[in-house]
1. Need one word for the protein assembly as shown: rounded, prolate or oblate. Basis is the Cα gyration tensor (sqrt eigenvalues a ≥ b ≥ c); a/c below 1.5 gives rounded, then a/b vs b/c decides.
2. Which whole-angstrom value gives the distance between the alpha carbon centres of the range C:1-55 and the range C:166-226?
3. For the pair residue A:303 and residue B:1, how long in nm is the line joining their label points, each one 7 Å along Cα→Cβ?
4. Could you grab the relative contact order for chain B? Cα pairs under 8 Å, six or more apart, rounded to a whole percent.
5. Do you know the relative contact order of the range B:88-192, to the nearest whole percent, from alpha carbon pairs under 8 angstrom that are 6+ apart?
6. Assuming a ≥ b ≥ c are the square roots of the Cα gyration tensor eigenvalues, decide whether the range A:3-94 counts as rounded (a/c under 1.5), prolate (otherwise, with a/b larger than b/c) or oblate.
7. 7 Å along Cα→Cβ for the label point: how many nanometres lie between residue A:20 and each equivalent label in the other copies, listed shortest first?
8. With a/c under 1.5 counting as rounded, go ahead and sort chain C into rounded, prolate or oblate using the C-alpha gyration tensor (a ≥ b ≥ c being the square roots of the eigenvalues; past the cut-off, prolate if a/b is larger than b/c, else oblate).
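What follows draws every value from the coordinates through simple rules; no lab data is involved. Nothing here was measured: the structure is a model prediction, and the numbers come from that model. Cβ atoms come from the backbone with ideal geometry, glycine included; neighbour counts cover every protein chain shown.
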């Protein structure tokens, strides 16, 4: 099915530059553009591709100013990436959804199952679990006793949710994610061994949360480990027991948050970041990849880097000098020689 | 069911300060205390909450000396965290245990199955595997050929154990942990490709080991990868082939130990630590989070930090100067100016 | 079954030093040698063990020159590690292979299934999937709609492959690996929330690729995330959306590659390395463990280290000075005193 530039521009509230009848039936990356597809340009790193892309239409930011002529038809919008994402969502919503409950699934008689549910093969729904309307459980998912899952939430193949955890509506949890395993708590005893501290709490995941593949969110000792509304976690992240992550905070892959730390709203963490336990991070804090955070961050919106981390600007200046330490040593040794007779 | 402060104090061998008839039927965190619950205070960071917690009883260390009056009844014990953990264990032991063998599990006829076993739905127990008495296999676990699992050990939903591995008694392995996948061994050949080095060994896990969610312990090329008695591994840890980890060593999340390294007893590693292969770490060594260990550590009990790591004290001093390198450069430049006519 | 030194030497095109009739029926590590076994010595760190190993035969490099007499029979070859690996492969190939399709598996009627296939219990093969001859799917594997898997490829227990992904021939994918989960893409909207950018692409894995336990390879937004022929990934690695990894590149455990980065051929990354997105790494680049790569690397074959990383030699020099910063500060303060009257 073909869509013309003018139809798409209308949907996106954008303006056409070039042939309004240019038609497409698929999407492509600008550097791999093909006739009959639509692409976008947002990151200036990719600008060079727009001048000879074979894509029929390219969505660009309103303020994009080309260096030379462009063969493709352009659609100008406020935010090219967001507009393209909206198109992709439209495209995805048109695909058929999985449905039905497999006879090879195991659903406890005491579980409550809503309408329009999908349960795949070899998925287990345990005693007193509650699945709201529209929940989709792919094959080989495990839903423990008394777990509740909100409307329209998707658990991909192989997700495991331990007993008593609460998952909100419209969440997406990817394969291999483990929700509610025991927090890491051991008390040393008199024989110099460790005894397990039972983890009797749970995990609460609010609405519109997305959790990446093989990420683990541990249950609390008491109370709950909490992911607030709109939190987005990438793959292979570790969230320790009793942690709380604020609304719309986004964390990149392989980061770890140790037990009982509290993270504010709208924070952004790069990949492989680590936080020690029992600290508090203010709203809007940005942490550079591979940083290690060892104490509270009280100032909202600051950017920090390093292991242990401090403010981004000073870190960058120290790091620039670190790279040139051999020169600095030479300078000092010269000074030393020059002043040796004083 | 209610318990009074005097009954709990007797169980914990502690002393009551306040109302001995104060009664509780649940546990809570001190900062979220509710009437009818018992909390504890061990970390001084949380002392501020004790002065207005709503918990009816708080367990504190014998030497705790309050700054002002406390509404709750106190129970003083040697070690508040340990005592609270003992209470939680009592509470947990009172919960009903999973039991029975699901008709939807697949158990080989050649497997040996002990008494009081739990095997959940869609779990696979392969040829010649041995499950000792009291083993609990949650749903979707995979137990490969000739695996043996000791008395009372729990494998949570989705654990995978490759053929021939040996797991001791009273272990807990959390969801998504992979025991016995191939070590990472490839030999370059003359065509500049890599050829796989078969991994013919196994993993041996001794008694009382706990392994976190999505942690991986690779099988050895020959011989065995070994986790000694009482080892505690957090989530998302990588243990390479032919590694040996000594008794009661505790490793925090997302750390990695490369092939053939040997770690002593009673070590403690922070999160996101990395060790190269073929090194030896003495007993009792403590490694700060995010450190990288590139050579043998021979001194027992030392604390190290950094990537590459060295001793904690010197590392802290170097790091303090690193933060102030711009000032140091200014000082040097001033010196340079002052002495330029020499 | 016993093999003599002379038979093994003939197979390996090596020469015997000692008793050509020495016979073995098993393999062992040189430091754990037993009579009747064959070991190898390649890493000089282990040379000390050869002088009293109980192994009957030891494979050594042609240029190995002993410091004293050795009780074992030696077989000298070009490359001892490679030769030993060849023996292990021979040994492994002699073991019986899993075969047959379990009645407890779920295979869609629309799937295409080749010859000599193994499908274990509770494995799911979805609509229109294609399994080539000799594919081995262990229990609890999930193969999504329209996935294709090439000849002789092995998916270990619990691997999950999302819809539409393409896996080549002779690959090995270990338990818990997740192929094709959504890339991490969200566009901020006007309400300060994030909206998901649908990930409509796929993952393409070429021939002879090995992927470690619990590693995740995300699908692309459009186009494909690509692992070229012969790539070897260790455990717990994160490969972001739209990444491309070149032929025979080898990456150690817990490393992460952010979205849209392109890595050349024959690269080697240590463990816990991180790359930001949208960068390009030249062929043959080596990256030290725990490094962080923040920009393009254009020079083929260089070695880099640090976070952020720069060239290995300069990094080592800066790091050596970092360790001695307190001394440097003393030197500067002495200088300062000496020159204070200028």
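1. Numbers: a/c = 1.02, a/b = 1.02, b/c = 1.00.
Cα axes put the protein assembly as shown in the rounded bin.
2. If we compute the Cα centre of each part, the gap is 44 Å.
3. So the label points at residue A:303 and residue B:1 sit 5.8 nm apart.
4. Working: 950 pairs, mean separation 21.2, N = 342.
This gives 6 percent for chain B.
5. On the way: 267 pairs, mean separation 17.9, N = 105.
Averaging sequence separation for qualifying contacts and normalising by length gives 17 percent for the range B:88-192.
6. Working: a/c = 1.34, a/b = 1.29, b/c = 1.04.
Because its axes are fairly even, with a/c under 1.5, the range A:3-94 counts as rounded.
7. 9.1, 9.1
8. Numbers: a/c = 2.73, a/b = 1.01, b/c = 2.71.
Oblate.
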